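Novice: One structure follows; several queries about it will come next.
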Amino acid sequence: VSEVVKLNLIESFVLPILTYAIEALQLSSGQCRSLNVCWNNMFRKIFHFNQWESVKFLQCSCERLDFHRLFHLRKLSFTKKLFLNENAILRKCATLSQYNAEISSLYDIYDLSCTSSLSTIYCNVHNVFKDICNSSDNNT
């Protein structure tokens, strides 16, 4: 079975379980790092990388995100969908979430606002990850 097929199977069956309702959690940096290690190890296993080898460039080349960015994307998308909801209470929750330090920080990191579209959120998160990969590649 090809590596791409394995990756698609993992993303279809494992990733939804790993990220189920994760946008509702406030993960500590240690918890997020542990999940990122787990996600990176999955790439290492599929693509036959050694434990000490970085998979960041591989993820970027496959147009995939590391777990940190997946988590951020889920948080930002969830907040945006709350804004778009017809339910007034959920929209109010979204409005209040703008003042949450974590969401504000994510808006700053990805150059977003509460008016950003879902496609802009997706593109900006991916572009920041590409920039991180490119800067990592230039430092080596």
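Novice: Consider the candidate values (1) 17.7; (2) 15.3; (3) 16.3; state which one is Kirkwood radius over Cα pairs in Å computed from the structure displayed.
Specialist: This structure yields the entry labelled (3).
Novice: Here's something else I'd like to know. Within the chain, how many Lys pairs that are eight or more residues apart, or on different chains, come under 27 Å at the alpha-carbon?
Specialist: 14
Novice: Nearest 10 degrees is fine. How inclined is helix 88-97 to the longest principal axis of the chain, computing both from alpha carbons?
Specialist: For helix 88-97, the angle is close to 60 degrees.
Novice: Then there's this: Work out the length of the dipole vector of the chain about its Cα centre, built from +1 on the beta-carbon of each Lys and Arg and -1 on the beta-carbon of each Asp and Glu, and round it to the nearest 20 debye.
Specialist: 300
Novice: Projected onto the charge dipole of segment 1-113 (+1 at Lys/Arg Cβ, -1 at Asp/Glu Cβ, origin at the Cα centre), which of Asn36, Leu25, Val5 gives the Cα projection farthest towards the positive end?
Specialist: Highest projection toward the positive end goes to Leu25.
Novice: What's the extension gain from Ser34 to Cys62 if we count 0.36 nm per residue and subtract their Cα-Cα distance?
Specialist: Going from the current span to full extension adds 7.9 nm.
Novice: What FRET efficiency comes out for Gln26 versus Val1 if R0 is 30 angstrom and r is the Cβ-Cβ distance? Round to the nearest 0.05.
Specialist: 0.20
Novice: OK, next. At a threshold of 8 angstrom on Cα-Cα distance, excluding pairs fewer than six apart, so keeping six or more, what relative contact order does the chain reach in percent?
Specialist: Relative contact order comes out at 22 percent.
Novice: Lys/Arg Cβ at +1, Asp/Glu Cβ at -1, dipole of segment 41-140 taken about the Cα centre: which of Ile109, Gln59, Asn85 is farthest positive-ward?
Specialist: Checking the options against the dipole of segment 41-140, the answer is Asn85.
Novice: Continuing with the same structure: Give the calculated FRET efficiency between Gln51 and Ser104 to the nearest 0.05, with a Förster radius of 30 Å applied to their Cβ-Cβ distance.
Specialist: Plugging the Cβ-Cβ distance into 1/(1 + (r/R0)^6) gives 0.25.
Novice: For each cysteine in the chain, check whether another cysteine's C-beta sits under 4.7 Å from its C-beta; list those where none does.
Specialist: Cys32, Cys38, Cys62, Cys93, Cys114, Cys123
Values in this text are rule-based calculations from the coordinates and carry no lab data. Given the structure is predicted, the values throughout are model-derived calculations rather than measurements. Because the Cβ atoms are built from the backbone with ideal geometry, glycine has one as well, and the counts that use them run over all protein chains shown.
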